[in-house]
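What follows is a short report on a single structure.
We did not get these values from a lab; they are worked out from the coordinates using the rules stated. Predicted model, so just to flag it, every value in this text is computed and none were measured. Backbone-built Cβ (ideal geometry, glycine too); neighbour counts: all protein chains shown.
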Amino acid sequence: MLITPLLLRRMCLALPFYAGKTRGIFQDFGIPPSNAIVDVRAFNVVDLTSHKSSHKRPRLLFDLGVRKDPLNYPPAISAFFAAGIYSVPNDFKDVPELLKQGGIPLASISAVIWSHSHFDRIGDMSRFLNSTVLVVGPGTNNELYPEFPDGVLQASDFDGHTVHELNFDETNLTFSGLQAIDYFEDGSLYLLNTPGHLPGHLTLLARVTPSSFILLGGDSFHHPGQLRPRPHLQTHFPCPAHLLHATRSSISTDYFSSWGTHARAFDLQSRAEPLLTLSDLPNASVYADPARAKVSLDKIATLDADPDFLVLIAHDQSVAGGIPYFPASLNGWKESKWKEGLVWRFVEEDSPAFVFNAV
Ligand SMILES: [Zn+2]
């Protein structure tokens, strides 16, 4: 399980206002122009290089990963660790430890944003200073153990922190059909309403240059094959020829097809919908509301198809090794052409995300 907590820091570029004479394509999605940006860094929660920082700008964390002492989750979760179904490595360092090791004081973390309240996101809020605000989406589960014996949250997840539950009724911003809140009120960072996986599920849209963005999709979906391929994406990011060739035989035509597929040769190029769907099996889907999750996913897909947006989710194993971890910044993704290298990795047979063979 790959979980990628993210650190974000607000910055401001000394550039002329982007609106100027040229209109950015991002404006077609409803996103206003701005020169304010955030710096985005991803944590590999197993490995970290030492880093010193003297910046005093506000820092946010988007998700915290798993807590270090998982037996201290409420029983509904800790039972899985006690039974060995889930485990954390012996040398596991949680986000507060990684921050400390990286020279970032916990006092500089102004807020933790939970994409949602699953155990692999909430970490251990008791390890953060009371000055760190906890931001959650609307309708986030508030049934606490032990009052609710099956509760997956407990008082220590909230105690001492100001909890800010977002209200999307108060915003007029809508990007590609997704309600958006301008977190710093300067266009640098937006929180998007993407329910479906859980009530209150949030997605983060970070402006990393005046005209390019990183979308942190949390668990709005879990596998890149649920997002891709889509015709628009193939227009802007055509699948490389060698991969198109390899997928003719590596992707099973028993389960996957398109109008161009024939004689047991899969055709990715003519595939008009994603390879995988979001499960809607009753009581077996990881999506509390699969229909709403699909609506959120389809809207995110319009951004994924656009060259100005890099979409990252927490469980995408194909991303490992494709983006640099903290202390490197992700902000240069577009000029570094990382997206070109990432979007089709999941159909490479040696990618850990490859699941399309008949066996
Ligand atoms: Zn989840």
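Give the shape of segment 86-178 as rounded, prolate or oblate, defined through the alpha-carbon gyration tensor: a ≥ b ≥ c are the square roots of its eigenvalues, a/c under 1.5 means rounded, and otherwise the shape is prolate if a/b is larger than b/c and oblate if not.
Numbers: a/c = 1.73, a/b = 1.26, b/c = 1.37.
Oblate, because a/c is 1.5 or more while a/b does not exceed b/c.
Count the lysine pairs in the chain whose Cα atoms sit under 17 Å apart, keeping only pairs 8 or more residues apart in sequence or on different chains. Spell out each step's value before the answer.
Details: 52/100; 56/100; 68/93; 68/100.
Count of close lysine pairs: 4.
List 355, 135 from most exposed to least, where exposure is judged by having the fewest other Cβ atoms within 10 Å.
Values: 355 15, 135 23.
Exposure proxy ranking, most exposed first: 355, 135.
Need one word for segment 187-263: rounded, prolate or oblate. Basis is the Cα gyration tensor (sqrt eigenvalues a ≥ b ≥ c); a/c below 1.5 gives rounded, then a/b vs b/c decides. Before the final figure, lay out each step's value.
On the way: a/c = 3.58, a/b = 1.81, b/c = 1.98.
Cα axes put segment 187-263 in the oblate bin.
Considering all alpha-carbon pairs of the chain, what whole percent are spaced by more than 26 angstrom?
51
At what distance in nm do the modelled label points of residue 164 and residue 27 sit from each other, each positioned 7 Å from its Cα along Cα→Cβ?
2.8
Using label points projected 7 Å from each Cα along Cα→Cβ, tell me how many nm separate residue 270 and residue 340, to one decimal.
Roughly 2.8 nm, to one decimal.
To the nearest 0.05, what FRET efficiency results for residue 357 and residue 292 with a Förster distance of 41 Å applied to their C-beta separation? All intermediate terms of the calculation are to be shown ahead of the outcome.
Numbers: r = 31 Å, r/R0 = 0.76.
Once rounded, the FRET efficiency stands at 0.85.
Given a Förster radius of 25 Å and the C-beta distance between residue 90 and residue 126 as r, what FRET efficiency does 1/(1 + (r/R0)^6) yield to the nearest 0.05?
0.70
Which three semi-axes in whole Å describe the equivalent ellipsoid of segment 66-120, each the square root of 5 times a Cα gyration tensor eigenvalue, listed largest first? Write out the running numbers ahead of the final one.
Values: eigenvalues 119, 44, 12 Å².
One finds semi-axes of 24, 15, 8 Å for segment 66-120.
With labels modelled as points extended 7 Å from the Cα through the Cβ direction, what inter-label distance (nm, one decimal) is found for residue 97 paired with residue 263?
So the label points at residue 97 and residue 263 sit 5.7 nm apart.
How long is segment 304-359 along each principal axis, judged by its Cα atoms, biggest number first, in Å?
39, 26, 17
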